[in-house]
Amino acid sequence: MVMSSENSVGVVAAQRVRFAAPLLLKSGAQLPGFELVFETYGTLNAEHSNAVLVCHALSGSHHIAGHYADDPENVGWWDNLVGPGKPLDTRKFFVVGVNNLGGCYGSTGPLSVNPETGRRYGADFPMVTVEDWVAAQARLADHLGIATWAAVVGGSLGGMQALAWSLQFPERIRHALVIASAPKLSAQNIAFNEVARQAIVSDPDFHGGHYAENGVIPTRGLRLARMVGHITYLSDSQMGEKFGRQLRHGEHKFSYDVDFEVESYLRHQGDKFARFFDANTYLMMTKALDYFDPAYAYDGNLAAALARAKASFFVASFSTDWRFAPARSREIVFALLHNRLHVAYAEIECDAGHDSFLLDDPHYHALLRAYLENIAV
Amino acid sequence: MTEHERRVKAEQRERFDFAVIAGWIPPGERVLDLGCGDGRLLRYLSETRDVSGYGVEIDGDSVLGCIRNGVDVIQMDIECGLSGFEDKSFDHVIISQALQTMHATEGILNEMLRVADEAVVSFPNFAYRTNRAAIAAGRMPVSEDLPYDWFDTPNVRFFTIADFEDLCARLGIHVRERLTFDEAGREVSEDPNLNGSLAFYRLGRGS
């Protein structure tokens, strides 16, 4: 096996594009034009038939692969997948990563200045949905001259975007790779999101979402939100293996400081996240997750909702993922089957819970490689 | 026999199995293949019969094989039934030499005739002449169609043509057609339970 450093896409640079036409959002609100930041890897072929869109999940960005010249430590979040000779092979495909609308990595979002007020949007940024992201991504596709994606790929919330692409633009997507995802959130999923949101909005530094104007950041809330989220990304067994009941100081301290290693880990993850992620974006992302439900307009009938899809699908789930368990992927699979669409469904044995989709488990990557190799460009 | 010869022979044998099954599948049908392995039967059927179909397979490496072969596949354990598959959503459901590797024989047969109009089943006949001879000599049979040693066989149900037909009768499953072949691939007409090494069935609810 080739090491990832040997077949990296190397130094990359983000690009930015402005769309002047207003975008009507699913909520009924309208954005008066917007900007998206994105990165591309590989070369768009003459037929423009080899483009692959990679959609990010809750905390991801447009920076999927490679690193920046001035920040070599900042490696893309799916670098193990994307590169020359990697499963999503940049010698074959032209890969596009985009920071979604409402994001906090440079695309128009709550941190941007509202042209109507001259101040940052903050809490006034309109609520955007998975469908709105797809609509914005379609404008980026137009800008890049991509009439049809060879594939749209995503894990978790990213997988929902791939599914939404197949419904919103059935003619513009040939393959959808929906990984560790679900056709809608369960009550338990929404409940976890609500705990995360309440952690943020109840932080005294939140100021109704206008914390930036007050020169503060609701760090404590963001930190808690990430901690609770992180628990749902890992499996019980993996947490047990990684931390067990290991003690920080080798003995019980009978205090509320860090006693157990798992506490230290969660605090570290929370601190790290709160330093760079925007609280309003986090709130909005979790709401986008909650609202996603293509079957909602079809009386809950997912098969009816998917009737318009034309793409071929690769669906994968992970055995220890309890956030979006394999049964959730099977719902998608059987709705596709009802519509007689092509689908390959793999249920992958992996110990790492929901986050498995980001790892380079050999069997998982072999499946992706095999599927992507068979896509004609 | 060299490894190469063995492989060629296995491939010939497999092609023969496929051809028998394909003979029962009208062109353009919708087919479900249970225990589909790496999807080569489905690929054969799509190439020769223009069928559209899905495979069902539990083994991860076989699922990878299906994807490499460009065959639609669903990774799941059919021992737990076929829930998710809608009633009569396929023209044919096939289980090719895999029924003997599963415990839930009755459940699987019933489920097959729930999701498809007709089932095609093939299995090695445990009562085939050479198998009987092996048992009579005090040894578990190893043959063309039962190629495993007793200690590493994937088979968990050992049954004969007579046994299978009894079970079908008990489950109200109608045998629409049966073909049996000896180890050389010759069709058997006389006393198939003794002379047939491999049995193929078309099954349905009612004739």
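The values are calculated or read from the model by the stated rules, or taken from the named source; none is laboratory data. Keep in mind that what you see is a predicted model, and the values were worked out from it rather than measured. Quick reminder, even Gly has a Cβ in these numbers, built from the backbone with ideal geometry, and neighbours come from all protein chains shown.
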Looking only at residues that are of a type in the set (Asp, Glu) and farther than 16 Å from B:Val93 by Cβ in the stretch B:1-44, which one is surrounded by the fewest Cβ atoms within 10 Å (Cβ to Cβ)?
B:Glu3
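What do you reckon, is B:Asp87 surrounded by fewer than 20 Cβ atoms within 10 Å (Cβ to Cβ), touching a residue at least 24 places away in the same chain (Cβ under 8 Å) and within 14 Å of chain A (Cβ to nearest Cβ)? Quick ask: steps written out before the conclusion?
On the way: surrounded by fewer than 20 Cβ atoms within 10 Å (Cβ to Cβ): yes; touching a residue at least 24 places away in the same chain (Cβ under 8 Å): yes; within 14 Å of chain A (Cβ to nearest Cβ): yes.
When the stated conditions are applied, B:Asp87 passes them.
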Check off (1) in a loop (DSSP other than H, G, I, E, B); (2) under 20 Å from B:Arg132 (Cα atoms); (3) modelled with pLDDT of 95 or more; (4) not acidic (Asp, Glu) for B:Ala162 and give me the number that stays unchecked.
(1)
Return the residue satisfying two criteria in turn: it lies in the stretch B:45-56 and is facing chain A (nearest Cβ under 10 Å) and buried (at least 24 other Cβ atoms within 10 Å of the Cβ), and of such residues it is nearest to B:Thr101 (Cα to Cα).
B:Gly55
Residue in the stretch A:318-336 that is farthest from A:Ala376 (Cα to Cα), counting only those that are among the hydrophobic types (A, V, I, L, M, F, W, C) and crowded, with 23+ Cβ neighbours inside 10 Å
A:Phe324
I need a count of the residues in the stretch A:91-120 that are in a loop (DSSP other than H, G, I, E, B) and buried (at least 23 other Cβ atoms within 10 Å of the Cβ).
10
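What number of residues within the stretch A:127-143 are closer than 16 Å to A:Ser49 by Cα and either hydrophobic (A, V, I, L, M, F, W, C) or crowded, with 17+ Cβ neighbours inside 10 Å (or both)? Can you show your working first?
Filtering the stretch A:127-143 for residues closer than 16 Å to A:Ser49 by Cα gives A:138, A:140-143.
Still in the list and also either hydrophobic (A, V, I, L, M, F, W, C) or crowded, with 17+ Cβ neighbours inside 10 Å (or both): A:138, A:140-141.
Adding up the residues that qualify gives 3.
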Would you point out the residue of the stretch A:340-368, among those that are part of a helix (DSSP H, G or I) and within 11 Å of A:Phe314 (Cβ to Cβ), that is farthest from the other protein chains (Cβ to nearest Cβ)?
A:Leu368
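Kindly check whether there is at least one residue in the stretch A:294-312 that is at pLDDT 95 or above and under 18 Å from the mean Cα position of the chain (by Cα). Walk me through it before giving the result.
Going residue by residue through the stretch A:294-312, those that are at pLDDT 95 or above are A:294-312.
Filter again for under 18 Å from the mean Cα position of the chain (by Cα), leaving A:294.
Yes: one or more hits.
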Within the bounds of the stretch A:322-334, is there any residue that is in a loop (DSSP other than H, G, I, E, B) and either facing another protein chain (nearest Cβ under 7 Å) or among the small types (Gly, Ala, Ser) (or both)?
yes
Are any residues in the stretch A:266-317 buried (at least 18 other Cβ atoms within 10 Å of the Cβ), out of contact with any strand residue (DSSP E or B) (no Cβ under 9 Å at 6 or more places or on another chain) and under 30 Å from B:Cys66 (Cβ atoms), and if so, which ones?
A:Phe292, A:Pro294, A:Leu302, A:Ala305, A:Leu306
Residue within the stretch B:97-115 that is out of contact with any Asp or Glu (no Cβ under 6 Å at 6 or more places or on another chain), of a type in the set (D, E, K, R) and free of Cβ contacts under 8 Å to residues at least 40 places away in the same chain present:
yes
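Consider B:Asp59 carefully, then state whether it is within 14 Å of chain A (Cβ to nearest Cβ), surrounded by fewer than 18 Cβ atoms within 10 Å (Cβ to Cβ) and not polar (S, T, N, Q).
yes
Return the only residue of A:Gly244, A:Gly300 being closer than 30 Å to A:Ala335 by Cβ and not in a helix (DSSP H, G or I). First the steps, then the outcome.
Details: A:Gly244 fails: closer than 30 Å to A:Ala335 by Cβ.
Going through A:Gly244, A:Gly300 in turn, the sole match is A:Gly300.
Based on what the data block shows, is B:Gly81 away from chain A (no Cβ under 14 Å), surrounded by fewer than 22 Cβ atoms within 10 Å (Cβ to Cβ), out of contact with any Lys or Arg (no Cβ under 7 Å at 6 or more places or on another chain) and not β-branched (Val, Ile, Thr)? Walk me through how you get there before you give the answer.
Details: away from chain A (no Cβ under 14 Å): no; surrounded by fewer than 22 Cβ atoms within 10 Å (Cβ to Cβ): yes; out of contact with any Lys or Arg (no Cβ under 7 Å at 6 or more places or on another chain): yes; not β-branched (Val, Ile, Thr): yes.
So B:Gly81 does not fit the description; no.
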Would you confirm, using the coordinates I've provided, whether A:Tyr282 is more than 10 Å from every other protein chain (Cβ to nearest Cβ), farther than 20 Å from B:Cys80 by Cβ and under 20 Å from the mean Cα position of the chain (by Cα)?
yes
Pairs under 8 Å by beta carbon, first residue without any contact (Cβ under 8 Å) to a residue 60 or more places away in the chain in the stretch B:49-72, partner assigned to a strand (DSSP E or B) and acidic (Asp, Glu), six or more apart or different chains?
B:Gly53/B:Asp33; B:Tyr54/B:Asp33; B:Gly55/B:Asp33; B:Val56/B:Asp33; B:Val63/B:Glu57; B:Cys66/B:Glu57
